[in-house]
Amino acid sequence: MSEHSHQCVIIGIAGASASGKSLIASTVYKELKEKVGDHQIGVITEDCYYNDQSHLTMEERVKTNYDHPNALDHDLLCDHLEQLIAGNAVEVPRYSYSEHTRMAETTTLTPKKVIILEGILLLTDPRLREIMHASVFMDTPLDICLLRRLQRDVAERDRTMESVLAQYQKTVRPMFMQFIEPSKQYADIIVPRGGKNRIAIDVLKAHIAKLLRA
Ligand SMILES: Nc1ncnc2c1ncn2[C@@H]1O[C@H](COP(=O)(O)OP(=O)(O)O)[C@@H](O)[C@H]1O
Ligand SMILES: Nc1ccn([C@@H]2O[C@H](COP(=O)(O)O)[C@@H](O)[C@H]2O)c(=O)n1
C-alpha cells in the first residue's frame, strides 16, 4: 500500500458479504469519534457506489450480479477518494437495497484526516489498493457469513429467505471464490471471526489514533 502523506488517509476493510465489515467500521468510528470528534474521521461504504439502475425496470434490476466488479462504479469511488485527499467535499450517493438503485438524495462528506472505507470488492481494484494507506480483510468463515446475511437481509434489506439462498448459490458464493477470496493476499491485516473481534477493533483504533496525532 502507498506510504505517501495525504491530507486524508484511507483505511480499507474488505471481505465477504456479512463478514462484519460494516460492524467493525462503525464500531471503530463510533469509539474514536467520542474522543476526537467527527470532523477528523468518516466512513464510506462501497455499496453506495453500486451503479445507478434507475433506467431499468425492477424485473431487470433483480437480474444484476451484485457481487461482480462490473456492478460497482469504482470510477466514481476513486474520483471521490481523490477529491477528499485533495481537500474537497464530495456528494456520496445513497443506495436502496430494496429498489436496487441509487436514491435521489446524496450525503455531503467533508474531508477528514482518516476515512474508513468498507466493501466486498475493494481489494480487487489496483486503483483502490494504491489509494489505501492500509487494508484489512475480514476472514469470517463463509457458513457464518451466510447465516448472518440471511438474518440481516430478511430483517433489514427487504429480502425473503428463499431469495437470499437463491442469490447466495447463484452469485454471492461463486463471486466470492472468483474475486474476493483471491484479493485477501493484498490485505495488511487479516481479522478472524467477525465484527466483534475486540483485539482487531483496538488495533485499528490505535493505528488510526496514531495517524490522527501525526
Ligand atoms: N462477531 C459477530 N458476532 C455476531 N454477529 C456479528 C458479528 N459480526 C457481524 N455480526 C452481524 O452480522 C451481520 C452482518 O455483519 P455486517 O457488519 O453487516 O457485515 P458486512 O458489512 O461485512 O456485510 C450484522 O447483523 C452484524 O451485526
Ligand atoms: N441491490 C443489491 C445490492 C447489493 N446486494 C448484495 O450486497 C452485498 C454487499 O453488501 P454487504 O454489506 O453484504 O457487504 C453483495 O454480496 C450483494 O449481493 C444485493 O443483494 N442487492
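Taking 0.36 nm per residue of separation and subtracting the Cα-Cα distance, full extension of the segment from Q53 to A89 would add 10.5 nm. Taking amide hydrogens as placed 1.01 Å from N in the peptide plane, the amide H of I13 sits under 5 Å from those of L117, E118, G119, V136, each at least 5 positions away in sequence or on another chain. Comparing V191, V62, V28 in a Gaussian network model of the chain where C-alpha atoms under 10 Å apart are linked, the largest mean-square fluctuation is found at V62.
With the alpha-carbon atoms of the chain aligned to their principal axes, the span from lowest to highest coordinate is 49, 36, 31 Å, starting with the largest.
Both radii were evaluated on the Cα set of region 114-201; the Rg over Rh quotient, with Rh as the Kirkwood radius, amounts to 0.99. The lysines whose alpha-carbon is closer than 20 Å to the alpha-carbon of K184, local same-chain residues fewer than 8 away aside, are K21, K196. Once Rh is set to the Kirkwood radius over Cα pairs, what Stokes-Einstein translational diffusion coefficient, in µm²/s, holds for region 15-99 at a temperature of 20 °C and a viscosity of 1.002 mPa s? Taking Rh from Cα pairs, D becomes 143 µm²/s. In the context of the full set of protein chains, the chain has a per residue accessible area of 50 Å² (1.4 Å probe). Across region 149-199, the volume of the C-alpha convex hull divided among the residues equals 98 Å³ per residue. Centre-to-centre, using Cα atoms only, region 37-101 and region 157-186 are separated by 18 Å. Taking every DSSP beta bridge that has both ends in the chain, the antiparallel portion is near 25%. On full extension, the segment bounded by M161 and K205 gains 12.3 nm, given 0.36 nm per residue less the C-alpha separation.
Residues whose amide H falls under 5 Å from that of T140, counting only those 5 or more places apart or on a different chain, are A16, R193, with hydrogens built in the peptide plane. Spin-label pair L147-I190: with each label point 7 Å from Cα along the Cα-Cβ axis, the two points sit 2.2 nm from one another. Phi angles of region 16-27 translate, via the Karplus equation with coefficients 6.51, -1.76, 1.60 and θ = phi - 60°, into HN-Hα couplings of 4, 4, 6, 7, x, 4, 5, 5, 5, 4, 6, 5 Hz per residue; Gly and Pro are given as x. Within region 126-201, the trypsin sites (Lys or Arg not before Pro) that combine a DSSP coil assignment with at most 13 other C-beta atoms in a 10 angstrom radius are R157, K196. On the chain, 53 percent of the accessible area sits on carbon and sulfur atoms, based on a 1.4 Å probe.
Given a 1.4 Å probe and heavy atoms of the protein chains only, how would you sort T57, T101, largest accessible area at the top? If you can, show how the numbers build up before the last one.
Values: T57 75, T101 10 Å².
Listed by decreasing accessible area, they come as T57, T101.
Put simply, the amide H of Y95, placed in the peptide plane, has neighbours under 5 Å in M103, leaving out anything fewer than 5 places away on its chain.
Compute the Cα gyration tensor for region 44-153, then decide on rounded, prolate or oblate, letting a ≥ b ≥ c be the square roots of its eigenvalues: rounded whenever a/c is under 1.5, prolate when a/b is larger than b/c in the other cases, and oblate in all that remain. Cα axes put region 44-153 in the oblate bin.
For the chain, a Gaussian network of Cα nodes joined below 10 Å ranks S22, S163, S135 by mean-square fluctuation, and the top entry is S163. Can you list which of the trypsin sites (Lys or Arg not before Pro) found in region 31-80 are DSSP loop residues with at most 10 other C-beta atoms within 10 Å? Of the trypsin sites (Lys or Arg not before Pro), the ones in loops of region 31-80 whose Cβ has at most 10 other Cβ atoms within 10 Å are K63.
Over the chain, what relative contact order in percent results from Cα pairs under 8 Å that are six or more residues apart? Write down the numbers at each step before the final one.
Values: 354 pairs, mean separation 76.0, N = 214.
Averaging sequence separation for qualifying contacts and normalising by length gives 36 percent for the chain.
From the largest down, region 89-161 spans 39, 33, 20 angstrom on the principal axes of its Cα atoms.
What is the extension gain from V36 to Q7, computed as 0.36 nm multiplied by their sequence separation minus the C-alpha to C-alpha distance, in nm to one decimal?
Details: separation 29, 0.36 × 29 = 10.44 nm, distance 1.65 nm.
Additional length available on full extension: 8.8 nm.
The values are calculated or read from the model by the stated rules, or taken from the named source; none is laboratory data. It should be emphasised that the depicted structure is a prediction, and the values quoted were computed from it without experimental measurement. With ideal geometry, Cβ positions are generated from the backbone for all residues, glycine too; neighbour counts draw on all protein chains shown. For the accessible areas, the whole protein counts, side chains as well, though only heavy atoms, and no ligand, DNA or RNA atoms are used. Shrake-Rupley method; radii C 1.70, N 1.55, O 1.52, S 1.80 Å.
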